[in-house]
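K.L.:
Dropping a structure here in structure tokens format, bear with me for questions.
The values are calculated or read from the model by the stated rules, or taken from the named source; none is laboratory data. All of these numbers come straight from a predicted model, not from anything done at the bench. Here the Cβ positions follow ideal geometry from the backbone for every residue, glycine too, while neighbour counts run over all protein chains shown. Side chains are part of the model used for accessible areas, which takes the heavy atoms of the whole protein and leaves out ligands, DNA and RNA. Shrake-Rupley method; radii C 1.70, N 1.55, O 1.52, S 1.80 Å.
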Amino acid sequence: MTSEATRHYLRIAATPITLLFLLALIALALTFGWKGLTAPMPGDVIPPCVPTDVGKNLTTKSVSVNVVNGGYTRRLASDVGKQLTAKGFNVTATGNTDDRVKQTVIVGAAKDSPEVKLVAGFFQKADIQVDPAKVDHSVTVKVGSSYGGFNAKAPTSIAVNGAVCLPAPSASPTPTPGSSTQATPTATASSSS
């Protein structure tokens, strides 16, 4: 075989090898691009709660609540949010959700968290659901098509034993890894309103 024939066969073999290399490079770029596209945004990270000394009672003014409508009644989340605000709660957002619910669902970090118990007292026939992702100890109220009503006579504070883990104020830095941690304190309903 002459050198010219050898170069011809090398050119023929080089074309598919180059195409395979380019396809592999494109697949690698697509993989990394997809991972980057679907990765959570840095702003989506929920800061953990901060142990806060609230005295002997946790009041509604210290509790952050989101209200979402999982039913078909227009403006229900907004109306419930206004009722909670009138009782002193910090209502951070109202809106709709694709999660369809019939009766009211209170979502919090733990069933025995004082903030969950305080919010649940304002709703008749409410279920409580635990969401371990609620590391900030905010509470979400899902109202639905069989909304049981608002209990305006519920107490606006709940007795606590020790510091309570509450959402960090937005202007404050989040706690450092060396800071003290707090177990969820026990809570009992207080009679003040």
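K.L.:
Based on the mean of other Cβ atoms within 10 Å per residue, sort peptides 50-59, 134-143 so the most packed one is first.
P.N.:
Packing order, densest peptide first, comes out as 134-143, 50-59.
K.L.:
Along segment 48-56, what does the Karplus equation 6.51 cos²θ - 1.76 cosθ + 1.60 (θ = phi - 60°) give for ³J(HN,Hα), rounded to whole Hz, x for Gly and Pro?
P.N.:
x, 6, 10, x, 10, 7, 9, x, 8
K.L.:
A follow-up question, please. Give me the dipole magnitude in Debye, nearest 20, for segment 6-111 about the Cα centre, with unit charges on the beta carbon: positive for Lys and Arg, negative for Asp and Glu. Could you put the intermediate results ahead of the total?
P.N.:
Details: 12 positive and 5 negative charges, 30 e Å.
Computed charge dipole of segment 6-111: roughly 140 debye.
K.L.:
Would you mind working out the accessible area per residue for segment 8-89, using a 1.4 Å probe, and quoting it in Å²?
P.N.:
72
K.L.:
Express the carbon and sulfur contribution to the solvent-accessible surface of segment 20-128 as a percent, rounded to the nearest whole number, probe 1.4 angstrom.
P.N.:
Ligands and nucleic acids excluded, carbon and sulfur reach 60 percent.
K.L.:
If you take the square roots of the eigenvalues of the alpha-carbon gyration tensor of segment 65-156 and sort them as a ≥ b ≥ c, do you get rounded (a/c under 1.5), prolate (a/b over b/c) or oblate?
P.N.:
Judged from the Cα gyration tensor, segment 65-156 comes out rounded (a/c under 1.5).
K.L.:
Then there's this: Which entries in Lys61/Lys134; Lys35/Lys142; Lys35/Lys111; Lys56/Lys117 show an alpha-carbon gap greater than 24 Å?
P.N.:
Lys35/Lys142; Lys35/Lys111, as the Cα separations exceed 24 Å there.
K.L.:
Using a 1.4 angstrom probe and counting only protein chains, how large is the accessible area of Arg100 in Å², to 10?
P.N.:
Ignoring ligands and nucleic acids, Arg100 comes out at about 120 Å².
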